[in-house]
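The values are calculated or read from the model by the stated rules, or taken from the named source; none is laboratory data. All values derive from a computational prediction rather than experimental measurement. Positions of Cβ are generated from backbone atoms using ideal geometry, with glycine treated the same way; all protein chains shown enter the neighbour counts. Quick note on the areas: whole protein, heavy atoms, side chains included, nothing else; ligands and nucleic acids left out. Shrake-Rupley method; radii C 1.70, N 1.55, O 1.52, S 1.80 Å.
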Amino acid sequence: MKATIITIGDEILIGQIVDTNSVSIAKHLNAAGIVVREKFSIGDDRAQIVEAVERALSASEVTVVTGGLGPTKDDITKKTLAEMFRSEMRYDQRVSDHVERMLAERGIEFNELNRSQAMVPACCTVLFNTHGTAPGMWFERDGHVVVSLPGVPFEMEHLMEDEVMPRLKAHFALRQIVHRTMITAGLPESMLAKRIEAWENALPAYLKLAYLPNPGAVRLRLSAYEVEGESVAREIDRQFEALRKIIPHNIIGFETATMQELVHKILTERGLTLATAESCTGGVIASRFTAMPGASAYFRCGVVSYSNESKVNLLGVNPADIARYGAVSEQVARQMAEGARRTAGADYGVATTGIAGPAGGSAEKPVGTVWIAVSSPERTVVLLKQCGTDRGQIIDRASAFAISLLRDCLNGK
């Protein structure tokens, strides 16, 4: 079973908004065993809409369209689909009453533009939108289904869950698609692939492995298409257990697991405390921990010591070492981590100091150079990392490397 996703809106094409709808729709469809064949965005143009939907109908059993269902003149999706399916428009009283009631609750006058949202193609099944004013629509042609949904993400999401997916499951005999993802850290993609090569080559033919690298982590996704779900899920579990024996120290968890969640669990269970001292990462490490419920049990404080003066005054870094070695150095990173631990009275201190760019680099210390340190009661470990050339990438990678180093220190490495 194949699907096409079409998002409509000039605002998407000019980069004014980010298309999150197609991501969410794809997840819903995949979970039900429907393979997304393609997804693309088009403008608010009748000819483009007709061409895109006809193309989708020729290649997919299911087409999901979002956008262009509002009350203004640039919202032309509903009228265009009515013309495509050679249907007159009819007035839906239930939709009208709902729109009028919603607007009254917000103190907005119910005018002719709002009333037009109750006009729907006579040939469609109306998908009632309890969370907005634009109803969804379900069309059928020669065994194919076209669904049109509002572009507002939370309205689309509710309609997918409450209306579209139950109808698709009832309409088609669907076989499952099974995905499971293991999160690994500590091995770059190429090294990881080499380490698990024999395991990968021995996988059953119906299991497909994908490498999905992220900053500080590589996700390994095993997928099977059009299968009996339970037996395949058990086989995937068995394969991942075999992989755990090959790279036992590089596995964080499954699906959306993160390194900070793993460290959070370790600190909480062991009753240990943490403080951070960040220069180039600007508080990102602290924010990753404090974003998790329960972080107050172990997180003491975070210091963003961007200037040399703050490194000296708040963390006790020796100004002579800054003058001699520079703020981006092993010596300064070490003292920052130790200063954070000492100042906060924490068991562990984590520090970063580096050059996030785009300016400030040199031949000796290019942009992306980051020193990372973790201090514990027993020792201080310092690590030098080259984290790329883009400022956002550098901050993201340095934060991930720092949390990974903390995990290693907690595990006695």
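Whenever you get a sec, line up 119, 160 from highest to lowest accessible area (probe 1.4 Å, protein heavy atoms). Could you put the intermediate results ahead of the total?
Working: 119 60, 160 0 Å².
Accessible-area ranking of 119, 160, largest first: 119, 160.
Per residue, how many Å² of accessible area does the range 135-187 show with a 1.4 Å probe?
Values: 2200 Å² over 53 residues.
With all protein chains present, the range 135-187 gives 42 Å² per residue.
Which cross-chain or sequence-distant (5 or more) residues have an amide H under 5 Å from the amide H of residue 127, H modelled 1.01 Å from N in plane?
Placed amide hydrogens put 136, 137, 138 under 5 Å from residue 127.
With springs only between Cα atoms under 10 Å, which of 136, 392, 253 fluctuates most in a Gaussian network model of the chain?
For the chain, modelled as a Gaussian network with Cα springs under 10 Å, the answer is 392.
Quick one: order 54, 140, 112 from most to least accessible surface, probe 1.4 Å.
Details: 54 75, 140 105, 112 130 Å².
Greatest to least solvent exposure: 112, 140, 54.
Kirkwood hydrodynamic radius, computed over distinct alpha-carbon pairs, for the chain: how many Å, to one decimal?
Values: mean 1/r = 0.0399 Å⁻¹.
Its Kirkwood hydrodynamic radius stands at 25.1 Å.
Tally up the carbon and sulfur contribution to the accessible surface of the chain as a whole percent, 1.4 Å probe, everything protein left in place. Walk me through the numbers before you get to the answer.
Values: 9920 of 19580 Å².
C and S atoms contribute 51 percent here.
Specify the inter-centroid distance of the range 14-87 and the range 354-385, based on alpha-carbon positions, in whole Å.
That distance is 47 Å.
Just to verify a number: FRET efficiency for residue 234 and residue 307, C-beta to C-beta distance, R0 = 60 Å, to 0.05? Present the calculation step by step, with values, prior to reporting the outcome.
Values: r = 56 Å, r/R0 = 0.94.
About 0.60, to the nearest 0.05.
Provide 22, 307 ordered by accessible surface of protein heavy atoms (probe 1.4 Å), highest first. Walk me through the intermediate numbers first.
On the way: 22 5, 307 50 Å².
Putting 22, 307 in descending order of accessible area: 307, 22.
Using a Gaussian network model of the chain with C-alpha springs under 10 Å, which one of 213, 366, 293 is most mobile by mean-square fluctuation?
293
Go through 249, 166, 239 and say which Cα lies farthest out towards the positive end of the charge dipole of the range 143-270; charges sit on Cβ, +1 for Lys and Arg, -1 for Asp and Glu.
Value: 249.
Rounded to two decimal places and with Rh computed the Kirkwood way over Cα pairs, what is Rg over Rh for the range 1-102?
0.99
Note down the accessible area of residue 259, probe 1.4 Å, to the nearest 10 Å².
Counting only protein heavy atoms, residue 259 exposes about 20 Å² to solvent.
Can you give me the P(r) profile for the range 143-210? Cα pairs, bins 5 angstrom wide beginning at 0, each as a whole percent.
Result, from short to long distances: 3, 11, 15, 13, 10, 10, 9, 12, 14, 2 percent.
Which net charge results when you count Lys and Arg as +1 and Asp and Glu as -1 among the other residues whose beta-carbon is under 15 Å from that of residue 167? Please report the intermediate quantities before stating the final value.
Numbers: positive: 169; negative: 61, 140, 161, 162, 163.
That works out to -4.
Among the trypsin sites (Lys or Arg not before Pro) in the range 299-407, which ones are in a DSSP loop with at most 10 other Cβ atoms within 10 Å of the Cβ? Mind listing them?
Loop-located and lightly packed - 379.
Specify whether the C-alpha gyration tensor of the range 292-407 places it in the rounded, prolate or oblate class, a ≥ b ≥ c being the square roots of the eigenvalues: rounded for a/c under 1.5, otherwise prolate if a/b is larger than b/c and oblate if not. Before the final figure, lay out each step's value.
Details: a/c = 1.85, a/b = 1.28, b/c = 1.45.
The shape class here is oblate.
Spelling out what I want: for every residue of the range 353-370, take phi, set θ = phi - 60°, compute 6.51 cos²θ - 1.76 cosθ + 1.60 (Karplus), and round to whole Hz; glycine and proline get x.
Using θ = phi - 60°, the values come out as 8, x, 10, 8, x, x, 9, x, x, 9, 4, 6, 10, x, 3, x, 6, 9 Hz.
Hey, quick one: spin label on residue 174, modelled 7 Å out along Cα-Cβ, who in the range 45-87 has an amide N within reach, i.e. under 14 Å?
Within reach of a label on residue 174: 61-64.
From the Cα gyration tensor of the range 73-135, with a ≥ b ≥ c the square roots of its eigenvalues, which class applies: rounded if a/c is under 1.5, or else prolate if a/b is larger than b/c, or else oblate? Walk me through the intermediate numbers first.
Working: a/c = 2.35, a/b = 1.82, b/c = 1.30.
Note, shape of the range 73-135 comes out prolate.
Any idea what the dipole of the chain comes to, in debye rounded to 20, about its Cα centre with Lys/Arg Cβ at +1 and Asp/Glu Cβ at -1? Write out the running numbers ahead of the final one.
Details: 45 positive and 49 negative charges, 314 e Å.
The dipole magnitude comes to about 1500 debye.
Based on the Cβ-Cβ distance from residue 297 to residue 249, what FRET efficiency comes out when R0 is 22 Å, to the nearest 0.05?
Values: r = 26 Å, r/R0 = 1.17.
Rounded to the nearest 0.05, the efficiency is 0.30.
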